[in-house]
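The values are calculated or read from the model by the stated rules, or taken from the named source; none is laboratory data. The model shown is predicted, which means the values in this text are computed figures rather than measured ones. Note that we place each Cβ from the backbone using ideal geometry, even for glycine, and neighbour counts take in every protein chain shown.
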Amino acid sequence: MHGHLYIILKESIKYIPIIGQGMMFYGFIFLSRKWEKDKERLQYRLRKLSGTHKGPLSGKESLDPMWLLIFPEGTNLSDNGRAGSKRWAEKNDIPDLRHAMLPRSTGLLYCISELQKNTDWVYDCTVAYEGVPPGEYGQDIFTLRSTYFEGRPPKSVHMHWRRFATKDIPTGDKEFGDWLLKRWREKDDMLEYFQQHNCLPADDGISDQFEGTRPLKGAGRIETYVRPNNPLEFLFVLAPIAAAGLVVNVIVKFWIMILRILRIK
């Protein structure tokens, strides 16, 4: 069971009409990117998510299965994002990346530290979109308008997945920062490979990890098709907030009717 999905996003997104309110309804976590302000809020949400809850039918205390999605870069890839990454590299006297942005370690390290007791693995996903020329960005080419109203979505989306045991991830600030930066340089190399071959590298080798007595083997390359049942399927995510709006509308109209009746009397 995959459970719930919670996403950590920058705070400005929650002010987008309808979409932002929908994300808030689903319990997404919004951060201002100012650690002094964010730490207390993030701590509260993480401890709430990692706590046990009593099942409505069984009455037993248990953990809710969930995924927590975080973008250590803090923002999406763009001209401004690349400029910010370059400034960060110069400030810390480290080489910048070519195809990605340098990650910030504070938020991710805090999440791992808070959830480590109940979390065995951290999954890392590298994403590349077909049809993005060098020096341009997917957000400028594959917009909501081009995807849903002009019928120009990406021809393919490539993902490279890997996982790391939380017990093997360093927890010291510097050690974790170095570990995370190394992972991002590996991701940058994958994106360079994508530029050259129009696909991400496949893992076909045998791992030094075991599942029981069998050594784990890379999954190679898997290709599948993902299509919505209809062009408006993405609107289904807004159904709960729309339903809540209808309920509020009914309540408001009911109270207006009551006030009118009282006024008549």
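Taking the conditions exactly as written (of a type outside the set (Asp, Glu) and surrounded by 13 or more Cβ atoms within 10 Å (Cβ to Cβ)), does Ile94 satisfy them or not? Against the criterion (of a type outside the set (Asp, Glu) and surrounded by 13 or more Cβ atoms within 10 Å (Cβ to Cβ)), Ile94 does not qualify. Counting residues in region 127-143 that are of a type in the set (S, T, N, Q) and at pLDDT 90 or above gives zero. Filtering region 168-186 to residues that are more than 14 Å from Leu108 (Cβ to Cβ) and in contact (Cβ under 8 Å) with a residue 40 or more places away in the chain leaves only Arg185.
Taking residues in region 84-99 that are closer than 17 Å to Pro134 by Cα, and partners anywhere that are in a helix (DSSP H, G or I) and of a type in the set (Ser, Thr, Tyr), the pairs with Cβ atoms closer than 9 Å and at least 6 places apart or on different chains are Asp96/Ser85; Leu97/Ser85.
Scanning region 138-148 for residues that are surrounded by 14 or more Cβ atoms within 10 Å (Cβ to Cβ) and of a type outside the set (Phe, Trp, Tyr) yields Gly138, Ile141, Ser146, Thr147.
Here Gly172 meets the list (1) loosely packed, with under 12 Cβ neighbours inside 10 Å; (2) modelled with pLDDT under 90 almost entirely, failing just condition (2). The requirement of being touching a residue at least 24 places away in the same chain (Cβ under 8 Å) and farther than 25 Å from Phe142 by Cα is not satisfied by Ile18. Residues in region 214-265 that are at pLDDT 80 or above, closer than 30 Å to Asn198 by Cβ and surrounded by 10 or more Cβ atoms within 10 Å (Cβ to Cβ): Arg221 alone. If we scan region 64-74, do we find a residue that is loosely packed, with under 11 Cβ neighbours inside 10 Å and not aliphatic (A, V, I, L, M)? Yes, region 64-74 has at least one match.
When we screen Gly151, Gly135, Gly81 for residues that are surrounded by 13 or more Cβ atoms within 10 Å (Cβ to Cβ) and either out of contact with any helix residue (DSSP H, G or I) (no Cβ under 8 Å at 6 or more places or on another chain) or of a type in the set (Lys, Arg) (or both), the only hit is Gly81. Test Arg162 against the criterion of being outside any helix (DSSP H, G or I), surrounded by 13 or more Cβ atoms within 10 Å (Cβ to Cβ), in the same structural domain as Gln116 (by TED's automatic domain parsing) and not aromatic (Phe, Trp, Tyr), and give yes or no. It is true that Arg162 is outside any helix (DSSP H, G or I), surrounded by 13 or more Cβ atoms within 10 Å (Cβ to Cβ), in the same structural domain as Gln116 (by TED's automatic domain parsing) and not aromatic (Phe, Trp, Tyr). Each residue in region 100-127 was checked for being among the hydrophobic types (A, V, I, L, M, F, W, C), assigned to a strand (DSSP E or B) and within 15 Å of the chain's Cα centre (by Cα), and 3 of them qualify.
Please indicate, with yes or no, whether at least one residue in region 49-67 is at pLDDT below 90, β-branched (Val, Ile, Thr) and farther than 17 Å from Asp188 by Cβ. Yes: one or more hits.
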